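J.: Just dropping this structure here.
The values are calculated or read from the model by the stated rules, or taken from the named source; none is laboratory data. Please read these numbers as outputs of a predicted model, since none were measured by experiment. Here Cβ is always computed from backbone atoms with ideal geometry, including for glycine, and neighbour counts include all displayed protein chains. Side chains included, ligands, DNA and RNA excluded: accessible areas come from the protein's heavy atoms. Shrake-Rupley method; radii C 1.70, N 1.55, O 1.52, S 1.80 Å.
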Amino acid sequence: MADPVAKSACAGLLPVTVGALSLEETDIGVLTTVAPYLGRGADLSAAMEKAHGVTLPGPGRTTGEGDARAIWFGRDMALLVGPAPDAALAKYAALTDQSDAWAVVTLSGEGSDDALARLVPLDLRAAQFEAGHTARSQIMHMNASITRTGPDSFLILVFRAMAQTLVHELKTAMEGVAARR
């Protein structure tokens, strides 16, 4: 009988470097959606801060950094990134493990926002989309979460099944940016 081997979503696809841009798979730990029960958002935020040092983020924002982060993930939902959720959070929110559901990559380097401009229908330039800002949008035809993590870096999540397409589209955009420099 075959012994299955766990592989990351982008196994064999990354890293890719084109000019000043690099694309790498990123291990950000456990991914848990956190959906507060009706009227329990403030309680959940306090419990998250006590347990993980992050609060429930507002729309389009993230909280925390380093080993624990909370990313706004849609109306009345956040993504707790890094640690497994403390059991106390279940009192205030529905918790769902999403760790194997997403391909997670980091696009970085000078011109990263130019590469994304070819694929995303949002203005992701630093003047409009600062570090700590996040959005749920499309990368070409793929649903995505895009978070600016620094002046020239973005954390990008798409459904795991879209990993190969994501890498292809981003590499093509990176090549286009490099050709114009």
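J.: Right, Gln98: closer than 30 Å to Glu49 by Cα, open to solvent by 20 Å² or more (accessible area, probe 1.4 Å) and either touching a residue at least 60 places away in the same chain (Cβ under 8 Å) or among the basic types (Lys, Arg) (or both) or not?
T.: In short, yes.
J.: So which of Leu14, Leu38 is among the hydrophobic types (A, V, I, L, M, F, W, C) and in contact with a strand residue (DSSP E or B) (Cβ under 8 Å, 6 or more places away or on another chain)?
T.: Leu14
J.: Same structure, new question: Just a yes or no: is a residue in region 51-73 more than 30 Å from Gly176 (Cα to Cα), over 17 Å from the mean Cα position of the chain (by Cα) and of a type in the set (A, V, I, L, M, F, W, C)?
T.: yes
J.: Name the strands (runs of 3 or more DSSP E) wholly inside region 1-86 in which the number of residues that are open to solvent by 60 Å² or more (accessible area, probe 1.4 Å) and modelled with pLDDT under 95 is 2 or more.
T.: Here the list is empty.
Listed here are the residues, each with its yes/no results for (1) aliphatic (A, V, I, L, M); (2) open to solvent by 30 Å² or more (accessible area, probe 1.4 Å); (3) out of contact with any strand residue (DSSP E or B) (no Cβ under 7 Å at 6 or more places or on another chain); (4) more than 17 Å from Pro15 (Cα to Cα).
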position	(1), (2), (3), (4)
Gln128	no, yes, yes, yes
Gly132	no, no, no, yes
Met140	yes, yes, yes, yes
Arg160	no, yes, no, no
Thr165	no, yes, no, no
Met174	yes, no, no, no
Ala178	yes, yes, no, no
Arg181	no, yes, yes, yes
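J.: Also: Inside region 112-181, counting only strands (runs of 3 or more DSSP E) that do not spill past its ends, which hold 1 or more residues that are in contact with a Lys or Arg (Cβ under 6 Å, 6 or more places away or on another chain) and at negative phi?
T.: 142-150, 153-159
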